[in-house]
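Below is one structure; the comments refer to it alone.
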Amino acid sequence: MTLSTKIEVPEGHSLHHVVCPHDCPDTCSMLVTRDDRSGRAVRVQGDPTHPITRGYLCNKVNHYLDLVYNENRVLYPHKRIGPKGPGARFERISWDEALDCVTENFHRIIDEYGTEAIQPFSYSGTMGMINYWGMDQRFWNKMGAARLEQSICVHAATWARMHTYGESNGPDIAIASEDAELIILWGINPVTTSVHTMPFIREAKDRGCKIVAIDPRQTRTTWVADWHLQPKPGTDGALALGMMKVIVDHNLHDINFLKKHTRGWEELIETKLPDYPLDKVAKITGLSEGDIEKLALEYGATRKSNIRAGFGLNRHQNSGQMCRAIQILPCITGALRERCGGADFGRVGEAFAPFAVEGFQRTDLGDRDTKRIINMVQLGRALADDIGWNGEELEPPIKCLFVYNADPANCVPNSTNARKGLLRDDLFTVVHDTFWSDTCDYGDIVLPADTQLERTDIHTAYGFYHYAMNRPVIEPLGESVSNSELFRRMALKMDYVATSDDAFTQTDEEIIRDVLMKGDTPLLEDITYEDLLKNGWATGKFDSPRRNYLETGWPTADGKIQIWSEALAAEGQDPLPTYVPETNGQEDPKRAEYPLQVLSSASHYFIGHSFQPVERLQAMQSRPTFEISPEDASARSISDGDMCRLFNECGETFGYAVIIEGMLPGVLGTQKQIRGSRTPGGVNVNALNDETLTDFGMAPTFYSCLAEVERIDEDFGKPIERKS
Ligand code: SF4
């Protein structure tokens, strides 16, 4: 690649474009300096030419080289030589031995139980399209393995979006901030989770745009807002509907927009909104009637408005309808007439579609679409109890779990049950990971995965309209390989290559060229492989006339925005946006025993389990904290810094109290990503979640979690570390 920026590079060094691979909306463009004599990467920095990255990276990825050269990396294939579980022991083996063992077990299981007994488990350990869901899917499609509903993050908002707007999204925050007069940051903390959003917020604010934050918690972001509203968790759908009622009652709705571009607006106004008078919404949300009315009137009177919503809103039992109600707000005011107008959870809905998923995954290689599906958030019941997502018994049971890009021992709800299942003696488990994760302890075979500096891939940002290509900068460390290369090797061992045209012999570059050439999407108009190779990134065509939905109609069945959704009606859901109290939430009688609603959001220092081995970040967040209000702390005689036990009928975990003035009483904030092996109980907060799914979207309900907290006197145990 050639670089269009002038960055000083010492003699004997070279500069390379790399894409940040982590599950983050920003998809930064990074510049990596390599010492060409040693072949070692010596510096990472943000690309100053990239319009979103703007020359800086976040507090996590600034330490990317600590991750690449971390002593906790898995560098060679290993096989387990003792019992499964925490503290398991492994010995190094060759790649040939490892793949022989894996493929022999595949054959054994397929012969005895069929291909559906083999369960892949993966998520977004990398967001590169080839290594996230490309070559692996070709392999599983060819085999006919069981499918995985990859629902753990943003499925509820995605379903809500698709059922309302089809495969389309509005402006990102960079576009919206150009002329929006009101921006609502709804349930989002971008200082921690999408830091490149913040300069756009700051610039909009400097221009006079009002910034409102809606979040039950006080966060690094809510401090930046002009106004912070704290509804009770899980009540945001009622707030959105209450706002609509005020807007309509004051005749601030855009009747012409509703008539021309939406379906079901009359039913919404006549039959649904009367259910949401101010006094009722105030009671549900805990906000004052005055604040709700003021918010609604300001939003209703400001057509140049934008709502940027956060993924936490996905994690309640009533999230499908909640995300739908919020996304319908700009239809009511006609904000969608404006270039800046919209209500989006990033580019959820459209981000991955332009990449011609078929081209990456090759579903034509087999009949996998007929195979059973396991919902990843119900892995525990599938492994430990042989129960599928519909409650049916799994026949055959899962006999092989193949894990990559994920750490299911920590990341799924009811993680204690998942770990119990992972301990089964008759389960053959393979883990392909960059580091010794907690899940590795349950692996029969552990395989070494590379990092982003060692592979080729293509990325689509899900928070902004950008695309980027990644090329390797250094040689793979040890014997590590990309997911793509792993599945190529396995295809060879399984004899899939000879019967699969070029599906397993295409190089990563060839796949990218192919998909870019064949994809027909307005966002990728004029973007070529050569552009990406030269600059590292390219901007999607947000303003393509093919995306002017006011003219073309929205990509729905009748071209209209579906305020009334026939598809939801067919699923037995309310076809109009509605508010139903979540189970395990504000109005659950269980609150008498478990009065705190637990919001386990992103740590400021980790992304998933990806940065856990970095000592500098560990030092900043070596243990979980429990953020509670002074009222809740005082009622339990808890002081700042006390070690506490957080528990409910599902499980328990441990952390340190942080008392926050302004924290909503009845709410406890903690971090979702702490490794279980770093806590005395061995499990993180996900041990407290059950496997209930959202109303629609089949997503997890991490935030519909009631618990109690108490002070204890024990201290943390020593973390388990392993080196390869
Ligand atoms: S994690 Fe996000 S903010 Fe940090 S470098 Fe990666 S893309 Fe940028």
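What FRET efficiency, computed as 1/(1 + (r/R0)^6) with R0 = 35 Å and r the Cβ-Cβ distance, is obtained for residue 206 and residue 260, rounded to the nearest 0.05?
0.50
Given Cα pairs under 8 Å that are at least 6 residues apart, what percent is the relative contact order of the chain?
Worked out over the chain, it gives 20 percent.
Rounded to the nearest 500, what is the chain's calculated 222 nm mean residue ellipticity when only DSSP H runs of at least 4 contribute -39500 (n - 2.57) each, over all residues?
Roughly -7500 deg cm²/dmol at 222 nm, from the helical runs in the chain.
Any idea what angle helix 155-165 forms with the longest principal axis of the chain, computed on alpha-carbon atoms, 0 to 90 degrees, nearest 10?
50
Where the only charges are on Cβ atoms (+1 Lys, Arg; -1 Asp, Glu), what is the dipole of the chain about its Cα centre, to the nearest 20 debye?
I would put it at about 1060 debye.
Taking θ as phi - 60°, what are the ³J(HN,Hα) couplings along region 461-474 by the Karplus curve (6.51, -1.76, 1.60), each to the nearest whole Hz, with x for Gly and Pro?
Values per residue, Gly and Pro as x: 6, 9, x, 9, 8, 10, 10, 7, 10, 10, 10, x, 10, 10 Hz.
Could you calculate the FRET efficiency of residue 291 with residue 108 from 1/(1 + (r/R0)^6), where r is the beta carbon distance between them and R0 is 41 Å, rounded to 0.05?
The calculated FRET efficiency here is 0.05.
Around residue 668, which amide H atoms from residues at least 5 apart in sequence, or from another chain, sit under 5 Å from its own amide H, with H modelled in the peptide plane?
597, 598, 599
Using only the Cα atoms of region 592-672, build the gyration tensor, take square roots of its eigenvalues as a ≥ b ≥ c, and label the shape rounded, prolate or oblate: rounded if a/c is under 1.5, else prolate if a/b is larger than b/c, else oblate.
Taking the square roots of the gyration eigenvalues as a ≥ b ≥ c, region 592-672 is prolate.
Please list the non-local residues whose amide H lies under 5 Å from the amide H of residue 480, H modeled 1.01 Å from N, same-chain partners needing a gap of 5 or more.
The list, which skips near neighbours in sequence, is empty: none.
How big is the dipole moment of region 48-183 about its Cα centre under a simple scheme where the beta carbon of each Lys and Arg is +1, that of each Asp and Glu is -1, and everything else is neutral? Debye, nearest 20, please.
400
Lysines near residue 541 by alpha-carbon distance under 20 Å, same-chain residues fewer than 8 away left out - which ones?
By straight Cα distance, residue 541 reaches 518.
What is the gain in length, in nm to one decimal, between residue 580 and residue 71 on full extension, counting 0.36 nm per residue of separation less the C-alpha to C-alpha distance?
So the chain would gain 178.3 nm between residue 580 and residue 71.
Of all the accessible heavy-atom surface of the chain, with the other protein chains kept in place and a 1.4 Å probe, what percent is carbon and sulfur?
48
Would you work out which of 597, 318, 216 lies farthest towards the positive end of the dipole of the chain, given +1 charges on the beta-carbon of Lys and Arg and -1 on that of Asp and Glu, about the Cα centre?
Of 597, 318, 216, it is 216.
In sequence order, what are the phi-derived ³J(HN,Hα) couplings for region 678-694 according to the Karplus relation 6.51 cos²θ - 1.76 cosθ + 1.60 with θ = phi - 60°, rounded to whole Hz, with x for glycine and proline?
9, 10, x, x, x, 9, 8, 4, 5, 5, 8, 8, 8, 9, 4, 9, 5
Amide H neighbours of residue 148 under 5 Å, at least 5 residues apart or on other chains, H built in the peptide plane: list them.
374
For region 252-386, build the charge dipole from Cβ charges (+1 Lys, Arg; -1 Asp, Glu) around the Cα centre, then report which of 301, 330, 340 sits farthest towards its positive end.
340
Under 8 Å for C-alpha pairs, at least 6 residues apart: give me the relative contact order for region 1-82, rounded to a whole percent.
19
Give the cross-link partners of residue 6 among the aspartates and glutamates, using a straight C-alpha distance below 20 Å as the criterion and excluding same-chain residues fewer than 8 apart.
Those aspartates and glutamates meeting the cut-off are 35, 36, 47, 531.
List the pairs from 79/420; 245/560; 232/260; 60/283; 205/294 whose alpha-carbon separation is above 29 Å, in the order I gave them.
Listed pairs above 29 Å: 232/260; 60/283.
Explain nothing, just the number: dipole magnitude of region 576-724 about its Cα centre with +1 on each Lys and Arg Cβ and -1 on each Asp and Glu Cβ, in debye rounded to the nearest 20.
That gives region 576-724 a dipole magnitude of about 780 debye.
Please give the per residue accessible area of the chain, computed with a probe of 1.4 Å over protein heavy atoms only, in Å².
Ligands and nucleic acids excluded, the figure is 35 Å² per residue.
Expected output is a single nm value to one decimal: the length gained when fully extending between residue 525 and residue 620, i.e. 0.36 nm times separation in residues minus the C-alpha distance. What is it?
29.9 nm
What residues of region 583-613 lie in the reach of a label at residue 283, counting those whose backbone N is under 20 Å from a point 7 Å from the Cα along Cα→Cβ?
Within reach of a label on residue 283: 583-592.
Multiply the residue gap between residue 223 and residue 475 by 0.36 nm, knock off their C-alpha separation, and tell me the result in nm, one decimal place.
Taking residue 223 through residue 475 to full extension adds about 86.4 nm, to one decimal.
Which values of log₁₀ I(q)/I(0), to two decimal places, follow from the Debye formula for region 5-159 at q = 0.08, 0.10 Å⁻¹ with a uniform point scatterer at every Cα?
Summing over Cα pairs of region 5-159 leads to -0.39, -0.59.
Applying the Karplus parametrisation 6.51 cos²θ - 1.76 cosθ + 1.60 with θ = phi - 60° to the phi angles of region 293-310, what ³J(HN,Hα) value in whole Hz is obtained for each residue in order, glycine and proline being reported as x?
Per-residue couplings from phi come out as 5, 4, 4, 5, 5, 5, 5, x, 8, 10, 5, 7, 10, 9, 10, 10, 9, x Hz.
Tell me which lysines have Cα within less than 19 Å of residue 371's Cα, excluding those fewer than 8 residues away on the same chain?
Correct list for residue 371: 142, 399.
Assuming R0 = 45 Å, what is the FRET efficiency of residue 587 and residue 198, from their Cβ-Cβ distance, to the nearest 0.05?
So the FRET efficiency works out to roughly 0.80.
Points 7 angstrom from Cα along the Cβ direction at residue 251 and residue 517: gap in nanometres?
Once both label points are built, they end up 6.1 nm from each other.
The values are calculated or read from the model by the stated rules, or taken from the named source; none is laboratory data. Values in this document were obtained by computation on a predicted structure and should not be read as measured data. For neighbour counting, all protein chains shown are included, and Cβ atoms are generated from backbone atoms with ideal geometry for every residue, glycine included. Keep in mind that these areas ignore ligands, DNA and RNA; they rest on the heavy atoms of the full protein, side chains included. Shrake-Rupley method; radii C 1.70, N 1.55, O 1.52, S 1.80 Å.
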